[in-house]
Amino acid sequence: MLIWLVFALMTGAAVLAVLWPLSRAEPADAAEAGDAAFFRQQMADLERDREAGLVSESEAEALRAEIGRRLLRASRADGRRGPEGEPALRRRRAASAIALSTIPLLALATYGAMGSPHLPQVPLAARMDGKEFDVGAAVAKIEAHLAQNPGDGRGWEVLAPVYLRAGRFGDAARAYQSAIDILGETPSRLTDLGEAVTAEAGGIVDARARAAFERALALDPANPKARYYLALAAGQDGDSARAADMLQKLLADAPADAPWRGAVEQRLAALSASASANTIVSQPQEEQARAIRGMVEGLAARLEADGSDAAGWARLVRSYVVLGEKDKAREALDKARKQLAADAASLDMLTALARELSLETDGTGARQ
């Protein structure tokens, strides 16, 4: 429908442009001169339009008759005209009729020849296919620009995170370093550099990365990224207690909706599990058994108080199986199913766990 509205507006504008000059009154003498010649010319123009197919035969016949009648009147005119001249009025009417018939036809013929009226409308999203932003081309342009202008610190700062997301960690580190060398140190630039260096080293916070994080922390003691990576470095050095303490303090200072809280909590849980395992392994066998039993009982007590932890139930069931207590494992499985009855995904996980550990039950704790 939009294209036809455009056609209507174009037609109206074109007709207005043609008729506007003709709407102005002319002096009587000028209006009287050449009336017959004017209509003869209109007749010739009409014949050309008919031969070109711009006017249908029926329209041409009607216009031909009208122009002929006006030509006859003009030839016989005796000077009896209105205030603005009868021939001028005739010319305006003839021009209006021809304009109104030929201009729309000409527009349609042009669109049919040069446009695509047979194609269906295409949604914007589909028209954008194939025109998506080419990251590779953009990177190549920025690289070419920086090759000519290596002192453009903003350019390096824009390019560095693109390298990082693309997995080009070494290039990202070099780009961040260039930005720092040109624009100066900020906590954000330093932590980004440290993160890129850590990624290049396979997740190890080496001396260069640690130095960047420490400088960032000196500029901003509350910087969460620097604190997290320095805690990670402490854990890699074998100081799990210090690492855990640093992470706990980071969580205590973090907003409740901080997007990185989950990552910190996972790292803290991993440190706690590793520390517990190391402590148990270092003990005599009898002490190990008591420690494991204490951990399992503690997990069971926690799940009794809050049974919404599906992963915790799975760990408890596995722990009982490892201890050789399959009856307790089945009992825990039954309790888990009751606690998680409204969670279909968790129930499916528990069913798969029961099959894996040969703890098939009918949902009530009894063997099938």
If Gly307 satisfies all but one of (1) surrounded by 13 or more Cβ atoms within 10 Å (Cβ to Cβ); (2) outside any helix (DSSP H, G or I); (3) free of Cβ contacts under 8 Å to residues at least 24 places away in the same chain, what's the number of the condition it fails? (3)
Here the residues within region 153-204 that are more than 27 Å from the chain's Cα centre (by Cα), surrounded by fewer than 18 Cβ atoms within 10 Å (Cβ to Cβ) and of a type in the set (A, V, I, L, M, F, W, C) are Ile182, Leu183, Ala201, Ile204
I'm told Thr364 meets every condition in (1) at pLDDT 80 or above; (2) assigned to a loop (DSSP other than H, G, I, E, B); (3) exposed (fewer than 12 other Cβ atoms within 10 Å of the Cβ) except one. Can you identify the failing condition by its number? (1)
With the requirement that a residue be assigned to a loop (DSSP other than H, G, I, E, B) and among the aliphatic types (A, V, I, L, M), what does region 144-178 give you? Ala166
Output the qualifying pairs, or none if there are none: Cβ atoms under 8 angstrom, residues six or more apart or on different chains, first residue in region 182-200 and outside the structural domain of Ala231 (by TED's automatic domain parsing), second residue of a type in the set (A, V, I, L, M, F, W, C) and in a helix (DSSP H, G or I). none
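Got a sec? Which of Leu359, Leu299, Leu347 is more than 26 Å from Ala269 (Cα to Cα) and at pLDDT below 90?
Details: Leu299 fails: more than 26 Å from Ala269 (Cα to Cα); Leu347 fails: more than 26 Å from Ala269 (Cα to Cα).
After ruling out the rest, the residue left standing is Leu359.
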Scope region 323-344; condition among the hydrophobic types (A, V, I, L, M, F, W, C) and either touching a His at 6+ places or on another chain (Cβ under 8 Å) or touching a residue at least 12 places away in the same chain (Cβ under 8 Å) (or both); matching residues: Leu323, Ala329, Ala332, Leu333, Ala336, Leu340
Complete set of residues in region 213-253 that are outside any helix (DSSP H, G or I) and crowded, with 18+ Cβ neighbours inside 10 Å: Asn223
Report whether or not Ala207 is of a type in the set (A, V, I, L, M), out of contact with any strand residue (DSSP E or B) (no Cβ under 9 Å at 6 or more places or on another chain) and surrounded by fewer than 18 Cβ atoms within 10 Å (Cβ to Cβ). yes
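The values are calculated or read from the model by the stated rules, or taken from the named source; none is laboratory data. This is a predicted model, so every value here is computed, not measured. With ideal geometry, Cβ positions are generated from the backbone for all residues, glycine too; neighbour counts draw on all protein chains shown.
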